[in-house]
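Everything on this sheet refers to the single structure shown next.
The values are calculated or read from the model by the stated rules, or taken from the named source; none is laboratory data. Keep in mind that this is a model prediction, so the values were computed, not measured. FYI the Cβ positions are ideal-geometry reconstructions off the backbone, even for glycines, and counts take in every protein chain you see. The area values use the complete protein model at the heavy-atom level, side chains included, leaving out ligands, DNA and RNA. Shrake-Rupley method; radii C 1.70, N 1.55, O 1.52, S 1.80 Å.
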Amino acid sequence: MNWLQIGSAVFVGAMLIYIFPRMRHAMKNSPKGTTQDWMGFIIPIIAIVLFVALLIMSVR
């Protein structure tokens, strides 16, 4: 291992140590999604998937 890899490993470890408590706090205090929120997420994703499938089929 060279110094760049060691430095990167130390940086990633430090980042995880500092981010983990904040992430845990955000997960505890975040609002929970309702069915309407999830449908507002799922419908556009389905539309994008169908559009990409249409593009793939039109190229064949």
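In contact with a Phe, Trp or Tyr (Cβ under 9 Å, 6 or more places away or on another chain) and surrounded by 10 or more Cβ atoms within 10 Å (Cβ to Cβ): is that true of Gly7 in this structure?
Judged against the criteria, Gly7 is not a match.
For the stretch 16-54, what are the residues that are in a helix (DSSP H, G or I) and open to solvent by less than 80 Å² (accessible area, probe 1.4 Å)? Full working, then the answer.
Keep residues of the stretch 16-54 that are in a helix (DSSP H, G or I), which gives 16-29, 35-54.
Of everything in the stretch 16-54, those that are in a helix (DSSP H, G or I) and open to solvent by less than 80 Å² (accessible area, probe 1.4 Å) turn out to be Pro21, Ala26, Gly40, Ile42, Pro44, Ile45, Ala47, Val52, Ala53.
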